[in-house]
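Following this message is one structure expressed as structure tokens.
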Amino acid sequence: MSINRNLLNIIIILCICLNLGCNEGAQERETDSHTIQVSSLLPSSSSSCVLSPRASTTKSSLHVTHRHGTCSRLNNGKATSPDHVEILRLDQARVNSIHSKLSKKLATDHVSESKSTDLPAKDGSTLGSGNYIVTVGLGTPKNDLSLIFDTGSDLTWTQCQPCVRTCYDQKEPIFNPSKSTSYYNVSCSSAACGSLSSATGNAGSCSASNCIYGIQYGDQSFSVGFLAKEKFTLTNSDVFDGVYFGCGENNQGLFTGVAGLLGLGRDKLSFPSQTATAYNKIFSYCLPSSASYTGHLTFGSAGISRSVKFTPISTITDGTSFYGLNIVAITVGGQKLPIPSTVFSTPGALIDSGTVITRLPPKAYAALRSSFKAKMSKYPTTSGVSILDTCFDLSGFKTVTIPKVAFSFSGGAVVELGSKGIFYVFKISQVCLAFAGNSDDSNAAIFGNVQQQTLEVVYDGAGGRVGFAPNGCS
């Protein structure tokens, strides 16, 4: 009789578990996907600009705008149409340059030891399409200038008068150092001039005892000029005297509209390193997912969300300027992809504000693509574009259900991507998975800016860690 009672108990428990399991499974399926309006994938047609509360209320915070958006100072309140194919081409040039730098394949040529207009020969840095910009005050009196901000670069520079050979078209007046009372050149015998090699990939040179810098980017854009010191004004309360920067008198490339670049890398000439006494090498940002919204770039720990989850900065060979990450897993629709840990650990990974599309090792990308396509099987596929090979035609749908994608990093940080961090949209009939595979197993993975949209991303240089939290722009 006791056996029958035990059997009955087991049967009852099994029935309860099965029922609970079915319900839990249904709940998991609902929470493992995003269902959104297809129309929300398209850029907003609004001519208004919604400002980030964080940037508006935090004293050390700047508004981040999309280069082509209505909020950008460069566009007079009108969004411009980006050339997506060109953006992806430049993105690949940037990625190639990062991989070259990490694999030590770069040439060892230096900037020629002559005039300030000479082109640096070493492809030592990375730029890409420079999607996101901030406005910084330079000089005395202050000149407000739009700068691309870039965690993959170190030296901050801007175009300067006189343009000895060439300057590209810039929206704001080109900075004139002769009209600033706080500007002065740096001697070529100074320690700062000696450290240019690590910051730019090119050794400094001399012109009448003044230090000359030269930096060339992966797309063959470049800037050459004087290494100088100047007053930088972030906000009315956050002003820094004597910041090293490049005053470029010979500049060429695809920077059109912006005045230059704000270097947020890890080298000692980067802006976070130079302002370390004030901010302890801590900064955070949120990249807006819509061109009619601003995000923020905030220096210091003010306003950082308590929900941030941190992962240690990894050491990437010969990449001291980059912020390295250790990816340990990827999940799609709640299911962990069957990727051996060595696929990520062997080449390493980094996070980069200037790379648009996240790059994964070939085996990891193949697993992601296969799982994602299987979970999107109800939607018709269409031809790929450039580096993006997994695209869908959503023109016949009002809503789309997208499997959630999450990255797990060492230290327990799990980052779930927003719905805008999964797709790159050319048009409704061509909506593409915003990931690409590297060409070689040995190339580092790169966590790009499409995937970072709407996240709060925290860089704690002093603590040796990078953190993530959701809803960073709100």
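The values are calculated or read from the model by the stated rules, or taken from the named source; none is laboratory data. Note that the coordinates shown come from a computational prediction; the quantities given were computed from them, not determined experimentally. Positions of Cβ are generated from backbone atoms using ideal geometry, with glycine treated the same way; all protein chains shown enter the neighbour counts. Protein only, heavy atoms only, side chains kept; ligands, DNA and RNA dropped before computing areas. Shrake-Rupley method; radii C 1.70, N 1.55, O 1.52, S 1.80 Å.
Any residue that is open to solvent by 50 Å² or more (accessible area, probe 1.4 Å), modelled with pLDDT under 95 and not in a helix (DSSP H, G or I) - is there at least one of those in the stretch 335-349?
yes
Hey, among the residues in the stretch 436-453 that are over 14 Å from the mean Cα position of the chain (by Cα) and surrounded by 24 or more Cβ atoms within 10 Å (Cβ to Cβ), which one's modelled with the highest pLDDT?
Ala436
Same structure, new question: Being more than 14 Å from Tyr323 (Cβ to Cβ) and either of a type in the set (Gly, Ala, Ser) or more than 13 Å from the chain's Cα centre (by Cα) (or both) is the filter here, so list the residues in the stretch 454-474 that pass it.
Within the stretch 454-474, Ala469, Pro470, Asn471, Gly472, Cys473, Ser474 qualify.
Return the residues of the stretch 194-210 that are closer than 20 Å to Gln159 by Cα, open to solvent by 30 Å² or more (accessible area, probe 1.4 Å) and of a type in the set (S, T, N, Q); say none if nothing qualifies.
Scanning the stretch 194-210 gives Ser207, Asn210.
Continuing with this model, one more query. State which residue is farthest from Arg369 (Cα to Cα) when the search covers only the stretch 313-334 and only residues that are over 18 Å from the mean Cα position of the chain (by Cα) and modelled with pLDDT of 90 or more.
Across the stretch 313-334, the extreme among qualifying residues is Val328.
Now for a different question. Take Phe392 and decide whether it is buried (at least 20 other Cβ atoms within 10 Å of the Cβ) and under 18 Å from the mean Cα position of the chain (by Cα).
Criteria not met by Phe392.
Condition (residue is over 30 Å from Gly464 (Cβ atoms), touching a residue at least 60 places away in the same chain (Cβ under 8 Å) and part of a strand (DSSP E or B)) applied to the stretch 238-246: is it met by at least one residue?
no
Return yes or no: is Thr58 at pLDDT below 90 and open to solvent by less than 40 Å² (accessible area, probe 1.4 Å)?
Judged against the criteria, Thr58 is a match.
If you scan the stretch 270-295, which residues turn out to be of a type in the set (Ser, Thr, Tyr), open to solvent by less than 30 Å² (accessible area, probe 1.4 Å) and at pLDDT below 95?
Ser290, Ser292, Thr294
Identify, by number, the condition in (1) farther than 19 Å from Val450 by Cβ; (2) under 23 Å from the mean Cα position of the chain (by Cα); (3) at pLDDT 85 or above that Thr65 doesn't meet.
Single failed check for Thr65: (1).
What pairs can you find where one residue is in the stretch 175-193 and within 23 Å of Leu145 (Cβ to Cβ) and open to solvent by 40 Å² or more (accessible area, probe 1.4 Å), the other is of a type outside the set (Ser, Thr, Tyr) and not in a loop (DSSP other than H, G, I, E, B), and their Cβ atoms are less than 7 Å apart, with a gap of 6+ or different chains?
Going by the 7 Å Cβ cut-off, the qualifying pairs are Tyr183/Pro177; Tyr183/Ala228; Tyr183/Glu230; Tyr184/Ala228; Tyr184/Lys229; Asn185/Asn210; Asn185/Phe226; Asn185/Ala228.
Look at the stretch 190-210 and say how many of its residues are under 15 Å from Asn250 (Cβ atoms) and more than 28 Å from the chain's Cα centre (by Cα).
3
Let me ask something else. Do any strands (runs of 3 or more DSSP E) lying entirely in the stretch 353-444 carry at least 1 residues that are within 17 Å of Leu337 (Cα to Cα) and without any contact (Cβ under 8 Å) to a residue 60 or more places away in the chain, and which ones are they?
Strands (runs of 3 or more DSSP E) meeting the threshold: 414-416.
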